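Everything below concerns the one structure shown next.
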Amino acid sequence: MNRLREHLTDGLLILAIVVSFTWLLLLLVGAVPQHAFGHLLAGSFGSWSKFARVLNVWIPLTLCSLGLLYAFRAGLWNIGVEGQMVLGAIAATGVLRLGTESLYPQGYLVLAVVAGMGCGGLWALLSGWLKTRGGVHEIFAGLGLNFVALGLVLWLIFGPWKRAGIASMSGTQPFPADLWFPGLEGWRVSPFALALVICTILATVWMLNHSRFGLRLKAVGHNPKAVQLYGVAPNRYLLYAILISGALAGLAGSLQVSDIYHRLIPSISSGYGYLGLLVVMLANFRLLPIPFIALFFSALNVGSIQLPMMMQLDSSLSGVIQGACVMSALLVFGLRRRKQSSQR
Amino acid sequence: MRVELQRIHKRFGPHHVLKGIDLTVDTGTIHGLVGENGAGKSTLMKILTGYLSRSGGRILLDGVETEFANPAVAARAGIGMLYQEPQDFPPLTVLDNFIVGRESQPGTGWKDPRRRLAQLADEVHFRLDPEAVLNKLTVGERQQLEFLRLLGREARLLILDEPTTGISETQKARLFQALRHIRDQGRTILLVSHKLEEVSALCDRVSILRHGQVMGEEDAPFHIPRLLELMFDAVPSTTPAYTPHTPGAELLCFRNVSSPGERTGLWDCDLSIACGEVIGLAGLAGSGQGLFLKLAAGLSHPSQGQIWFNGQQLQGMGYPQFKHLGGCYLPANRLEEGLISGFTVLDHFALATNSSRSRARQLAMDAIRQFNIRGQPESPVESLSGGNQQRLLLSLIPTDARMVLLENPTRGLDVGSARWVWDYLRHQYAAGGVVVFSSAELDEILSVADRILVFFNGHVVRNLPVNQADYHDVAAAMTGS
C-alpha cells in the first residue's frame, strides 16, 4: 500500500514537472500551450485512424523496450538496438526479395520475421562478444555497430538493392501486396502484429519475473562476481541477455519492413532504439509500466505530426516532452532513493 | 579530548539498537570498546563520527555539547577514525594520499607536506617511502599511512576499528607503540576490538557493550574471564578441543603449482590433502593463502603445475564443474563476492539450488531455523548483520560437499558465533571430506585445524600437524624468520 502511494506520488510529480516545463517553453516561443496540448491529443487519439497510427509506432517501440529490459537486467547498456533493428530489417528485406512471385508468400513472411530476429540477435551478440572476449564496453561496441549498420543499409539501398533505373532515399522497390504482413480488412493496424507484441509482453513477464532464467539474469546484473559461486557463468548470461535484446529489436525491424513500409528505407529504425532507452528509463527499469509509457511516447510522436501544420510549431516538441519526462523521472527517482537511504 | 556520550539512543524503524549508552572517555587514555557482533559498537561509532544521526541523547566534547551534521563536521571537531579497511586511493603514492583531503593552506609549498609526513613518521617510528605506490604496500603499511594522515589532521580523538586485522606482528607492535606514544602526548584513543588479549595489553579502561547497553566498565589490569562474562550471557570456551578424524584417501593435490597474482603469487606448491582433514592456512594477509584457495576452487588457473581434485584435473575447468565435483568456496568479502545485494534470502536459495520459489521458500525457512539466522525469507541480505550473512552463506553450502574452502570464515564474528561455525563445519564436512580455511588469527587455526600450512611471500614454509606445531615457531615462520 505504501509502495503504491509512493509510485503514485512519483508519477504525479513527474507529470507536474513535465507539464509546467513544457508549458513555460511554449509560452517562451509565443505559442498557446493549451492549443499545443490539444493538438497533441487530437492528433493521436482524435480518430480511429490516428490511434491506429499510434499503435503502429507502439508495436516496434514496445518490442525494442522489452528487449532493452533483458539487457538492463543483466547490467548491460545495449545502445546498439538501432543497429540491431536495421539488421533485422535488412534480413527481412533479403528474404522477402527472394519471395517475390513465389507460390508460398506466407512461408517467406514467416521466414522474414525469423531471419530478422536471428540477424538482430547475432548483430547484438557481436557487441556481447566484443565485451566478454575483447573487453570492449558494450556502449562503445553498440554505438560503433549502429554506424556500421547504417552504412550497410545505405549501401544496399543505393547499391545492390536499388530500384530499377533510380537509386533514391525513398528506399527499395516496394514488395507486392502478398508479401505484406497480414492484416484484417478495414484495420489500419495489423491485429496479428498486436497479438505478437502482447505475447512478447506476457512471455517477458514470465521470463524476467517468474522464471529461474530471470532470477539468474538479475543476479548477474547485481553481482557478476558472486554469481559464479552459485554455479552461474556470468558471461554466458550476458550473451543470452544481449541475444534476446537483439532478437526483439530484429523482430521490430522485420515488422517495420513487412508491415509498415513494405520496403527497406534508410531510416527504417525511426530512432525507436534510442527512444526505447528513454521508455525503459522512464519505467525505472521495471516491466509493467513499459507498454503504457511506450503508448504515451507513441501518441506524442504521432500527435506532434500535426503541430507544424496547425500551429507552425516544429514537431520536435514531442521529443522535448519525452526528454523532459525522462529527466524529471530520473530526478524524482534519485530524490526518492536519497530519501530512503537517509531514513535507513 | 574528553568525550562524553550521554543516554545515546538509536532506532532503526522498529529496532531499538542503542538503548541509552553512557560512555565517558578521558583525555589522554586508551579506552577499549568490546562486545559481540550486533552489540551496537559500529552504530555507536558511526554516530560519533557523524555518519549516522542519533535518535536521542547528547554528545559532549570537552564539556561542550556538539552536533555532527555529517562526517566532515566531526572530522573538523578533531575526531578521526581508522577503519578496518584502509580508506585510501591505491593508484596514488604515499605522499599523494597523505596530501589528499588535507585542507589547503595558503603559503605552504610542495616541500611542506613531504617534511610533515617524514616528521610524523619519525615521531612514531614508522618507515614509509613517500614515493611508493599504494598498490605495492601491505595492509599494515597502508594503515600506518592512514594513521599518519589522522595525526597530520590534528585528530584529537582517534577511533580504531579492529586495527590489527591482517597486519604482521612487527607492524602490530609498532602500532601499539605509536598509540601509547600519542596517548602520552594527550590524545584520546577509542579502540574497538574483538581481541581481548590486545585490548587488555593496550587499554587503560574498557567498556563492554551487550545488546545496545553498557554492561560494565573495567580498569586495567583486566581479568579476561570477567570481560567475557560481561560480553556474553555465558562464558564460551575459547579453545574447543576437536579430535582429528583419521585421514582417508587423497582428495586434493597440488603438483609443483606456480601462479602469479595476488601480490606475492604462489610458487612451487606441492602437497596433498586427504579426506577427513581440516587444514588451516596461516600467514600474513596476502602471502599466497588467498590465491591457494582460488586455485583449489578452479577460480584461477596456475601457470605451471597441476591441481587435482576428487580424481579430476582442475585445469580448464570452471567453478560450476568444480561445484559439481563436490567443491565449494566461500570468499571473505561476503557482500561483495559471496552474496548478491538486493536479493532476498529466498532468492539466494532459489539461485543456489536452481529450484522453484515455493521449494526455495521451504529451504530458506529450514535454514533460518537450523542456522539460527536472524531474518526472514524475504529479508534482503544487506539488512542482515555480518554474522547472519556468514550463517546464510554456510547454509547455502550443499550438505554433501566434499571439499569446503573458506577465506577468513570467522572474520568479524564474535567468539560464540565462531565456535558455532566451527562445530558445524567440522561436524558436517570434515568427517567425509576436507575443510580448508585461511585465518588471520593464529590462535584460531591452532585450536580448530588438524594441519597447518604456513605461507610466507608466496611459499608454503611449514606443513605440519597442529599438535606438532609450536605457536612461536609458526609466528616466526609467518614473518619469514
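Of the residues A:I17, A:I90, A:I242, which exhibits the maximal mean-square fluctuation in a Gaussian network model of chain A defined by a 10 Å Cα contact cut-off?
Comparing A:I17, A:I90, A:I242 in a Gaussian network model of chain A, the most mobile one is A:I17.
Grab the alpha carbons of chain A, take their convex hull, and tell me the volume per residue in Å³.
With only Cα atoms used, chain A gives 166 Å³ per residue.
With charges set only on the Cβ (+1 for Lys and Arg, -1 for Asp and Glu), what does the dipole of the protein assembly as shown come to about its Cα centre, in debye to the nearest 20? Show your work: numbers first, answer last.
Details: 70 positive and 61 negative charges, 429 e Å.
Charge dipole, the protein assembly as shown, about its Cα centre: 2060 debye, nearest 20.
Leaving out ligands, DNA and RNA, what percent of the accessible area of the stretch B:3-231 is carbon and sulfur, probe 1.4 Å? Don't skip to the end; give the middle numbers.
Numbers: 5170 of 10340 Å².
The computed percentage sits at 50.
Count the DSSP beta bridges whose two residues both fall in the protein assembly as shown, then state the antiparallel fraction as a percent rounded to the nearest 5.
Numbers: 42 of 76 bridges.
Percent antiparallel among DSSP bridges in the protein assembly as shown is about 55.
Give the distance, in whole Å, between the Cα centre of the stretch B:40-64 and the Cα centre of the stretch B:421-463.
39 Å
Could you go through the stretch B:168-176 in sequence order and give the Karplus-derived ³J(HN,Hα) for each residue, using 6.51 cos²θ - 1.76 cosθ + 1.60 with θ = phi - 60°, rounded to whole Hz, and x for Gly and Pro?
6, 4, 5, 5, 5, 4, 5, 5, 5
Can you pull out the trypsin sites (Lys or Arg not before Pro) in the stretch A:72-156 whose DSSP state is coil and whose Cβ has at most 14 other Cβ atoms within 10 Å? Don't skip to the end; give the middle numbers.
On the way: sites: A:R73, A:R97, A:K131, A:R133; in loops: A:R133.
Of the trypsin sites (Lys or Arg not before Pro), the ones in loops of the stretch A:72-156 whose Cβ has at most 14 other Cβ atoms within 10 Å are A:R133.
Quote to one decimal, in nm, the extra length available between B:E217 and B:H301 on full extension: 0.36 nm per residue of separation minus the C-alpha distance between them. The partial results should precede the final answer.
On the way: separation 84, 0.36 × 84 = 30.24 nm, distance 5.14 nm.
Stretched out fully, the B:E217 to B:H301 stretch lengthens by 25.1 nm.
Count charges around A:S254 for me, please; just the other residues with Cβ under 14 Å from its Cβ, Lys/Arg as +1, Asp/Glu as -1. If you can, show how the numbers build up before the last one.
Details: positive: A:R97, A:R263; negative: A:D259.
Summing Lys and Arg as +1 and Asp and Glu as -1 gives +1.
Looking at B:T27, B:S193, B:L60, which one has the Cα that reaches farthest to the positive end of the dipole of the stretch B:3-231 (charges on Cβ: Lys, Arg +1; Asp, Glu -1)?
B:L60
How big is the stretch B:351-409 in terms of Cα radius of gyration and Dmax, in angstroms?
Spelled out, the Cα radius of gyration and Dmax of the stretch B:351-409 are 11.7, 33 Å.
Run the numbers on chain B and let me know its relative contact order in percent, using alpha-carbon pairs under 8 Å that are six or more apart.
15 percent
If Lys and Arg each add +1 and Asp and Glu each add -1, what is the summed charge of the other residues whose beta carbon sits under 14 Å from the beta carbon of B:S355? Walk me through the numbers on the way to the answer.
Numbers: positive: A:R212, A:R216, B:R357, B:R359, B:R361; negative: B:D347, B:D366.
Net charge around B:S355: +3.
On the full set of protein chains, 1.4 Å probe, figure out the accessible area of B:V206 and give it in Å² to the nearest 10.
0 Å²
Once Rh for the stretch B:242-374 is found with the Kirkwood sum over Cα pairs, what is the Stokes-Einstein diffusion coefficient at 20 °C and 1.002 mPa s, in µm²/s? The partial results should precede the final answer.
On the way: Rh = 17.0 Å.
In µm²/s, the coefficient is 126.
What is the extension gain from A:L331 to A:N235, computed as 0.36 nm multiplied by their sequence separation minus the C-alpha to C-alpha distance, in nm to one decimal? Present the calculation step by step, with values, prior to reporting the outcome.
On the way: separation 96, 0.36 × 96 = 34.56 nm, distance 3.21 nm.
Difference between extended and current length: 31.3 nm.
Pick from A:L27, A:L248, A:L295 the residue whose mean-square fluctuation is largest in a GNM of chain A, springs joining Cα atoms under 10 Å.
A:L27
For labels at A:F45 and A:L152 in the simple 7 Å Cα→Cβ model, what's the distance in nm?
For the pair A:F45/A:L152, the computed spacing is 4.0 nm.
Going toward the positive end of the dipole of the stretch B:3-231, with +1 on Lys and Arg Cβ and -1 on Asp and Glu Cβ, which of B:Q84, B:V94, B:H16 do you reach last?
The residue sitting farthest along the positive end of the dipole is B:H16.
Sort B:M403, B:M478 by heavy-atom solvent-accessible area, probe 1.4 angstrom, most to least.
On the way: B:M403 0, B:M478 25 Å².
Greatest to least solvent exposure: B:M478, B:M403.
Carbon-plus-sulfur fraction of the accessible area of chain A, 1.4 Å probe, in percent?
Values: 11020 of 16200 Å².
After summing per-atom areas, the C and S share lands at 68 percent.
In the Gaussian network model of chain A, springs joining C-alpha atoms below 10 Å, which of A:P33, A:P291, A:P160 carries the largest mean-square fluctuation?
A:P160
Scattering from the C-alpha atoms of the stretch B:377-481 alone, worked out with Debye: what is log10 I(q)/I(0) at q = 0.15, 0.18, 0.20, 0.21 1/Å?
Values returned for q = 0.15, 0.18, 0.20, 0.21 Å⁻¹ are -0.70, -0.94, -1.09, -1.16.
Scan chain B and hand back the longest stretch that contains none of the GluC sites (Glu not before Pro) lying in DSSP loops with at most 13 other Cβ atoms within 10 Å. Before the final figure, lay out each step's value.
Numbers: sites that count: B:E67, B:E103, B:E131, B:E154, B:E378.
Free of exposed loop sites, the longest segment is B:155-377.
As a test of the definition: which semi-axes, in Å, follow for the stretch A:39-101 when you take the square root of five times each eigenvalue of its alpha carbon gyration tensor? Largest first, please. List each step's numbers first, then the result.
Numbers: eigenvalues 144, 106, 13 Å².
Taking √(5λ) for each Cα gyration eigenvalue gives 27, 23, 8 Å.
If the chain between B:D96 and B:V133 were fully stretched, how many nm would it gain, using 0.36 nm times the residue separation less the Cα-Cα distance? The partial results should precede the final answer.
Working: separation 37, 0.36 × 37 = 13.32 nm, distance 0.92 nm.
The span from B:D96 to B:V133 would gain 12.4 nm if fully extended.
Could you do me a favour and compute the accessible area per residue for chain B, 1.4 Å probe, result in Å²?
I get 42 Å² per residue for chain B.
Only bridges whose two residues both fall in the stretch B:3-231 count here: according to DSSP, what percent of them are antiparallel, nearest 5? Spell out each step's value before the answer.
On the way: 22 of 39 bridges.
Rounded to the nearest five, the antiparallel share is 55 percent.
Using +1 on the beta carbon of Lys and Arg, -1 on that of Asp and Glu, and nothing else charged, what's the dipole of chain B about the Cα centre, debye to 20?
Values: 47 positive and 52 negative charges, 194 e Å.
I would put it at about 940 debye.
Just how large is the dipole of the stretch B:3-231 about the Cα centre, in debye to the nearest 20, putting +1 at every Lys and Arg Cβ and -1 at every Asp and Glu Cβ? Could the numbers behind the result be given before it?
Values: 29 positive and 30 negative charges, 88 e Å.
Here the stretch B:3-231 has a charge dipole of around 420 debye.
Ignoring everything but the protein chains, give the 1.4 Å probe accessible area of B:M45 in square angstrom, nearest 10.
Accessible area, nearest 10 Å²: 10 Å².
Per residue, how big is the convex hull around the C-alpha atoms of chain B? Give it to me in cubic angstrom, could you?
Details: hull volume 74.0 nm³, N = 481.
Cα convex hull per residue, to the nearest whole number: 154 Å³.
With Kirkwood's inverse mean 1/r over C-alpha pairs for Rh, give me the Rg to Rh ratio of the protein assembly as shown, two decimals please. Show your work: numbers first, answer last.
Numbers: Rg = 32.5 Å, Rh = 31.1 Å.
A ratio of 1.05.
What is the percent of Cα-Cα separations in the stretch B:3-231 that go past 21 Å? Could the numbers behind the result be given before it?
Working: 14767 of 26106 pairs.
It works out to 57 percent of all Cα pairs.
Exposed loop GluC sites (Glu not before Pro) only (DSSP loop, at most 16 other Cβ atoms within 10 Å): please give the longest stretch of chain A free of them, not including the sites. Each step should come with its number before you reach the end.
Numbers: sites that count: A:E101, A:E185.
The answer is A:186-344.
Compute the relative contact order of the stretch B:3-231 as a whole-number percentage, counting only Cα pairs closer than 8 Å that sit 6 or more residues apart in sequence.
Values: 409 pairs, mean separation 68.5, N = 229.
Reported as a whole number, the value is 30 percent.
Which entries in B:K41/B:K195; B:K136/B:K195; B:K19/B:K46; A:K225/B:K136 show an alpha-carbon gap greater than 20 Å?
Numbers: B:K41/B:K195 14 Å; B:K136/B:K195 28 Å; B:K19/B:K46 15 Å; A:K225/B:K136 24 Å.
Violating the 20 Å Cα-Cα cut-off are B:K136/B:K195; A:K225/B:K136.
Can you find, among A:G134, A:G271, B:Q144, the residue sitting farthest towards the positive end of the charge dipole of the protein assembly as shown, where Lys and Arg contribute +1 and Asp and Glu -1 at Cβ?
Of A:G134, A:G271, B:Q144, it is A:G271.
The values are calculated or read from the model by the stated rules, or taken from the named source; none is laboratory data. What you are looking at is a predicted structure, and each value in this text was computed from that prediction instead of being measured. Cβ coordinates were reconstructed from backbone atoms using ideal geometry, including for glycine residues, and neighbour counts include every protein chain displayed. We work out accessible area using only protein heavy atoms, side chains counted, and drop any ligands, DNA or RNA first. Shrake-Rupley method; radii C 1.70, N 1.55, O 1.52, S 1.80 Å.
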